[in-house]
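Just so it is clear, none of the values below were taken in a lab; they were calculated from the coordinates. Everything numeric in this text was worked out from a predicted model, so none of it was measured. Using ideal geometry, Cβ is built from the backbone for each residue, glycine included, and neighbour counts are taken over all protein chains shown.
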Amino acid sequence: MLYPLPAVLVSCGDKAGNYNVLTVAWTGTICSDPAMVYVSVRKNRYSHHMLEETGEFYINLTTEALAFATDYCGVKSGKDLNKFEEMHLTPEMGMLSWAPMIKESPVCIACEVVRIEELGSHDMFIANVKGVYADETYMDEKGKFDLIKAKPIVYSHGQYYGLGRYIGKFGYSVQKNPAKVKKASVHKTKANNKKA
């Protein structure tokens with residue numbers, strides 16, 4: 001299996017006005033244009049019928065500060081208790097009709113289900129992204145989401161981890177960089193001197 005995975009909180013609701021939140025690691029982007037994502041959920045999960053009934057949900061990104069709630073919402077069932085109340089999470093309505101987003105999450109992605117694929121142990125809910133809410137606290141001066149500031153968490157083989165340090169931006173391996181070229185030529189010269 002591919003690891004690590006994002007550990008997200010998926011929030012949803014039914015038409016009677018009940019809300020639930022569950023932890024999902026089987027999630028990701030599947031298309032950029034149009035923007036589409038998926039979450040895979042077991043049929044026996046309490047939230048499954050809500051996702052089917054309303055066809056909408058939020059993917060709420062998690063942080064180190066939300067790690068305890070993320071774990072709790074993955075092991076407790078909404079059939080037995082209100083996870084929003086238990087974990088002091090704030091449901092907040094946005095552009096969706098039935099599903100609330102989680103106010104404490106730095107990024108909340110509004111999703112509308114377009115297809116459900118029955119795969120085996122999980123059903124995959126394929127959804128269009130209707131909009132994204134981002135907490136400005138975590139935006140840098142260029143308007144980009146600052147991962148270092150947000151401290152998101154990932155899931156791997158039953159463990160939660162924080163993300164490491166910044167390494168480089170997309171395309172940095174082929175970027176024209178005079179310092180990099182100069183450094184490479186110095187190494188080449190040293191290698192040639194050793195041969196002589």
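Whole angstrom only: what separates the Cα centroid of segment 9-58 from the Cα centroid of segment 79-119?
After rounding, the separation between the Cα centres reads 8 Å.
Tyr161: net charge of surrounding residues, Cβ under 15 Å, Lys/Arg +1, Asp/Glu -1, itself excluded?
0
List the relative contact order of the chain as a percent without decimals, with contacts defined as Cα pairs under 8 Å and 6+ residues apart.
That works out to 22 percent.
What pairs in Lys43/Lys79; Lys83/Lys144; Lys103/Lys149; Lys83/Lys151; Lys43/Lys130; Lys83/Lys149 have C-alpha atoms more than 20 Å from each other?
Over 20 Å apart, Cα to Cα: Lys83/Lys144; Lys83/Lys151; Lys43/Lys130; Lys83/Lys149.
Could you point to the label whose value was computed as Rg and Dmax of the Cα atoms in Å for the structure here, given (i) 26.6, 109; (ii) 25.1, 84; (iii) 21.1, 82?
Step by step, Rg and Dmax of the Cα atoms in Å for this structure corresponds to label (iii).
In nanometres, what is the gap between the two model label sites at Met139 and Ser173, each 7 Å from Cα along Cα-to-Cβ?
Between Met139 and Ser173, the label points sit 3.2 nm apart.
So if each residue of separation counts as 0.36 nm, and I subtract the Cα-Cα distance between Lys79 and Thr29, what length gain in nm does that give?
Here the answer is 15.1 nm.
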